[in-house]
Amino acid sequence: MDMAHGVGLLGAAAGAGGVDAIVGGGGLIQLPALLLAYPALPAAAALGTNKLASISGTSTAAATYLRRTKVDRRVMLPAAALAVVCAGLGAVSASRLPASVFRPIVMVLLVCVAAFVVFRPSFGAEQADLDVSRRRRLTTTLVAGIGIGFYDGIFGPGTGTFLIICFAVGIGTEFVAGSAMAKVVNAGTNFGALLVFATQGHVMWALGAGMGVCNIAGARVGARLAIKRGAGFVRGVLLVVVAAMVVKMGFDQFG
C-alpha cells in the first residue's frame, strides 16, 4: 500500500466514524476504502479488520452519547447482550449465504424507511407519547438484539439505521436518543462478529488498530454534532445515508 492509499484509508476511517456515530452506515465508506487500499485482501479479512476499526468508534460514540443523553436502559442493555451472541452466530453463517440474497430485501426495507421518514416529518423529532408496556419493550429488545444483531453479523449494511428506526417505532425514542441506544447495541454486534473473525484469523490487527484511532476521532465529532444539532440534523443525515446505501447496494447487485 502506497502513502496516498494509506492516508486515504485513515481519512476514510475518520469519516466513517463520524457518519456511523450519527446514523450508522459508516461501513459504506470504510469497507470500500479498505478494499481499494488492499485489492487482493480476502473478504473475510476485510470484514474482520473493518469490525476492529468500527468497534473502536462505535464504543467511543456510545460513551459520548450516554454522558449527555437519556436512554431506556431496560431495552438497550438486554438488546446489546443479545446482539453479541446473535452477531457472532451471523458471522459464523456469513460464508454460507451470499450477499446477493440479502441486498434486494435490504434495499426494499431502506426505501420503505426513507419513505416513512419523509412522509412523517414529526417521526423521531421528539419523544413520542406512547404507552410503552412491558410487552412492547420486550418485543423491541428481541427485534434489536436478535434480529438486527444477527443481520449485522451475516451482512451488515444499514444496521445503525435499522436500530434507530426500531427504537423510534418500538418505544417512541426521538432520533438522538435512538442513535445513542443504537451505538450501544451496535458495539455489541461488532464485538460478537469480531470475536468470530478473530478466532478464524481474519483480522489485520495493526491496520485495524490504526484505522480504529481515526474512527474514534470521527465518532467523537459525529456524536457531538448529533447531540448539538438535535433530531432534525440526525433525520437529514439518515435520509442521505439511506439514499447512498440504496444506490451502493443497487450497483453491487445489478451494476
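Structure above, values below:
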{"read-out": "Among the candidates Ala16, Ala12, Ala46, residue that is open to solvent by less than 10 Å² (accessible area, probe 1.4 Å), in contact (Cβ under 8 Å) with a residue 12 or more places away in the chain, of a type outside the set (D, E, K, R) and more than 24 Å from Arg96 (Cα to Cα)", "value": "Ala16"}
{"read-out": "Where a residue in region 19-32 is over 18 Å from Val106 (Cα atoms) and its partner, wherever it lies, is of a type in the set (D, E, K, R) and open to solvent by 10 Å² or more (accessible area, probe 1.4 Å), with Cβ under 8 Å and at least six apart", "value": "Ala21/Arg220"}
{"read-out": "Qualifying residue in region 97-104 (condition: in a helix (DSSP H, G or I), aromatic (Phe, Trp, Tyr) and either open to solvent by 80 Å² or more (accessible area, probe 1.4 Å) or closer than 20 Å to Asp20 by Cα (or both))", "value": "no"}
{"read-out": "Single unsatisfied condition, Ala81 versus (1) over 20 Å from Met249 (Cα atoms); (2) open to solvent by less than 60 Å² (accessible area, probe 1.4 Å); (3) among the small types (Gly, Ala, Ser); (4) out of contact with any Leu (no Cβ under 9 Å at 6 or more places or on another chain)", "value": "(2)"}
{"read-out": "Condition check for Gly222: at positive phi and surrounded by 20 or more Cβ atoms within 10 Å (Cβ to Cβ)", "value": "no"}
{"read-out": "Output for region 84-96, where each listed residue is more than 16 Å from Ile55 (Cα to Cα), open to solvent by 60 Å² or more (accessible area, probe 1.4 Å) and touching a residue at least 40 places away in the same chain (Cβ under 8 Å)", "value": "Leu89, Val92, Ser95"}
{"read-out": "Qualifying residue in region 15-31 (condition: in a helix (DSSP H, G or I) and more than 15 Å from the chain's Cα centre (by Cα))", "value": "no"}
{"read-out": "Subset of region 123-164 [open to solvent by 20 Å² or more (accessible area, probe 1.4 Å), closer than 18 Å to Ile22 by Cα and out of contact with any Phe, Trp or Tyr (no Cβ under 8 Å at 6 or more places or on another chain)]", "value": "Glu126, Gln127, Pro157"}
{"read-out": "Matching residues in region 165-183 - criterion: being surrounded by 24 or more Cβ atoms within 10 Å (Cβ to Cβ) and touching a residue at least 60 places away in the same chain (Cβ under 8 Å)", "value": "Phe167, Ile171, Thr173, Phe175, Val176, Ala177, Ser179, Ala180, Met181, Ala182, Lys183"}
{"read-out": "Cross-chain or 6+ apart pairs with Cβ under 7 Å, region 126-145 first and closer than 20 Å to Lys183 by Cα, then of a type outside the set (Phe, Trp, Tyr) and open to solvent by 80 Å² or more (accessible area, probe 1.4 Å)", "value": "Arg137/Arg74"}
{"read-out": "Among residues of region 108-122, those that are open to solvent by less than 30 Å² (accessible area, probe 1.4 Å) and under 17 Å from the mean Cα position of the chain (by Cα), counted", "value": "3"}
{"read-out": "When residues of region 184-234 are limited to those that are of a type in the set (S, T, N, Q) and touching a residue at least 12 places away in the same chain (Cβ under 8 Å), the one farthest from Gln30 (Cα to Cα)", "value": "Gln200"}
{"read-out": "Failed criterion for Lys228 (all others in (1) surrounded by 22 or more Cβ atoms within 10 Å (Cβ to Cβ); (2) closer than 23 Å to Thr173 by Cα; (3) not polar (S, T, N, Q) hold)", "value": "(1)"}
{"read-out": "Test: residue in region 78-86 that is modelled with pLDDT of 95 or more and not aliphatic (A, V, I, L, M)", "value": "yes"}
{"read-out": "Among (1) in contact (Cβ under 8 Å) with a residue 24 or more places away in the chain; (2) assigned to a helix (DSSP H, G or I) - the single one Lys70 does not satisfy", "value": "(2)"}
{"read-out": "One residue from Thr64, Thr69, Thr60 being over 18 Å from Cys214 (Cα atoms), of a type in the set (Ser, Thr, Tyr) and surrounded by fewer than 24 Cβ atoms within 10 Å (Cβ to Cβ)", "value": "Thr69"}
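The values are calculated or read from the model by the stated rules, or taken from the named source; none is laboratory data. None of the values given here were measured: they were computed from a predicted structure. Note: ideal-geometry Cβ built from the backbone for every residue, glycine included; neighbour counts use all protein chains shown. Heavy atoms of the whole protein, side chains included, go into the accessibility calculation; ligands, DNA and RNA do not. Shrake-Rupley method; radii C 1.70, N 1.55, O 1.52, S 1.80 Å.
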